[in-house]
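Peer 1: Following this message is one structure expressed as structure tokens.
The numbers here are math on the coordinates, done by the rules we state, and not lab data. No experiment lies behind these values; they were computed from the predicted model shown. Positions of Cβ are backbone-derived with ideal geometry, glycine not excepted, and every protein chain shown enters the neighbour counts.
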Amino acid sequence: MILLDELSVYLRKIRNRPNARDQLTAFLTGLFKAVESSPRAALVYTLAIGKDGKGSDAYSDENQFIADRMAEAESVSARKATLLNPTEDDETVQVLRRRLFERIDDAAAEHVIEEYRALWHGQRDALASDATKAETLTGFRDSYPLHPDVLETFTGKAATLANFQRVRGMLRILGRTVSRLWELKPADATAIHLHHIDPGYEPVRQEFVTRLGQSMYVPAIRSDIAGEQGKRALAQELDDEHHRGLPPYTAYIARTVFMHSLAFNDQLKGLSPEHLRYAVIGPTGQHCLGRRWVTSTSSSTAGPKRRRRMAAWPSISPGRRSRRRRTTRVPSPTPPLCWRISARTSVR
């Protein structure tokens, strides 16, 4: 068996050599014919392209070029390739659940999912349209305790990063997140949301900074999300001031925005205020995550107070320190307790 894995990386390395790309078709054609003439030989090659036949990651141009050349080689050799997807979208969630958890209490999960359904429908005017779609609820039942936006963000955004290895990368980040949640057991963890992925937790931070090569976000993480060496980040300061006795809602917002900023394509970065509400809201935080939750007032003492939308901070920019300080308007009652994650992690 001959394996050609991630040809796009090698193609990128020779892009400055004159006519180097043009040799690929001749090479593949010769290789296809050689394999075809041998009954005991097989050729396996990988391409990072979507179901539409187009690439969307950091090597999208190279992957598209290789896909076109492969098609030419197939037509010349009169040999068609058998297309295989090692992990379909509906299989990914099952792999994650099986690898991350020893047991999931489906009966308890159904009660939690019903609370989310009622909450999403009750707040539908303030949430993204995905919240009320039947397929979202169905997907949540399949993925619980993983919130639907977790999978959507990983597969639709983070997967476009060059160093992100889809299922393996999701297992590494989520494994560390689940282990941390199992240790802390926060009362508001009715499901695992994006905001539970804490870049301030060193094992998780290293996944982003080192393994995914996103070190350009270190200043933003340190100043906006989670401080280091005794210094408080902006989100932590606001939570200390306004959310004592409550979950750290400002940090939840910052973490969610950060996760939605991890994409290769600029048009994929960020999220709308409605999607932000949908991503963060949960049964235990419904009192603080209503329509008023995503508005804020300027801390400036000069002039009248102005109400701002969270859309003013749609994504986190690398190396940029926030200069605006916000005070979030929230009611005071402590949210009621609800279901906790009905799973037991086997991650070490």
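Peer 1: Which of ILE253, ILE14, ILE113 comes first, and how do the rest follow, when ranked by fewest Cβ neighbours within 10 Å?
Peer 2: With the fewest neighbours first, ILE253, ILE14, ILE113 line up as ILE14, ILE113, ILE253.
Peer 1: What is the calculated FRET efficiency for LEU31 to LEU184, with r their C-beta to C-beta distance and R₀ = 35 Å, to the nearest 0.05?
Peer 2: Here the calculated transfer efficiency is 0.10.
Peer 1: For the range 168-232, state which trypsin sites (Lys or Arg not before Pro) are in a DSSP loop and have at most 12 other beta carbons lying within 10 Å of their beta carbon.
Peer 2: LYS231
Peer 1: Using the structure shown, select from LYS33/LYS157; LYS231/LYS269; LYS157/LYS185 the pairs with a Cα to Cα distance greater than 31 angstrom.
Peer 2: Details: LYS33/LYS157 38 Å; LYS231/LYS269 28 Å; LYS157/LYS185 28 Å.
Check vs 31 Å cut-off fails for LYS33/LYS157.
Peer 1: What is the packing order of peptides 25-35, 189-199, taking the mean over residues of other C-beta atoms within 10 Å and listing the highest first?
Peer 2: My ranking of the peptides, most packed first, is 189-199, 25-35.
Peer 1: Sticking with this structure for a sec: With a Förster radius of 35 Å, plug the Cβ-Cβ distance of GLU110 and HIS242 into 1/(1 + (r/R0)^6) and report the FRET value to the nearest 0.05.
Peer 2: 0.50
Peer 1: Same structure, new question: Taking 8 Å as the Cα distance limit and 6 or more residues as the minimum spacing, I'd like the relative contact order of the range 103-207 as a percentage.
Peer 2: Across the range 103-207, relative contact order equals 24 percent.
Peer 1: Applying 1/(1 + (r/R0)^6) with R0 = 56 Å to the Cβ-Cβ distance of GLU228 and ASP22, what FRET efficiency is obtained, to the nearest 0.05? Don't jump to the answer; show the numbers that get you there.
Peer 2: Details: r = 50 Å, r/R0 = 0.89.
Taking R0 as 56 Å, the efficiency between GLU228 and ASP22 is 0.65.
Peer 1: Of TYR144, ALA162, LEU127, which is farthest along the charge dipole of the range 84-215 in the positive direction, counting Lys and Arg as +1 and Asp and Glu as -1 at C-beta?
Peer 2: Selected residue: ALA162.
Peer 1: Sort TRP120, TRP182 so that the residue with the fewest other Cβ atoms within 10 Å of its own Cβ comes first and the one with the most comes last.
Peer 2: Final ranking by Cβ density, sparse to dense: TRP182, TRP120.
Peer 1: Note the full-extension length gain between LEU43 and VAL9 as 0.36 nm times their separation in residues minus their Cα-Cα distance, in nm to one decimal. Kindly include the intermediate steps, with their values, before the conclusion.
Peer 2: Values: separation 34, 0.36 × 34 = 12.24 nm, distance 1.87 nm.
Here the segment from LEU43 to VAL9 would lengthen by 10.4 nm.
Peer 1: A further question on this structure: Using only the Cα atoms, work out Rg/Rh for the range 192-237, with Rh taken as the Kirkwood radius, to two decimals.
Peer 2: Here the Rg-to-Rh quotient is 0.96.
Peer 1: Continuing with the same structure: For labels at THR210 and ARG97 in the simple 7 Å Cα→Cβ model, what's the distance in nm?
Peer 2: 3.3 nm
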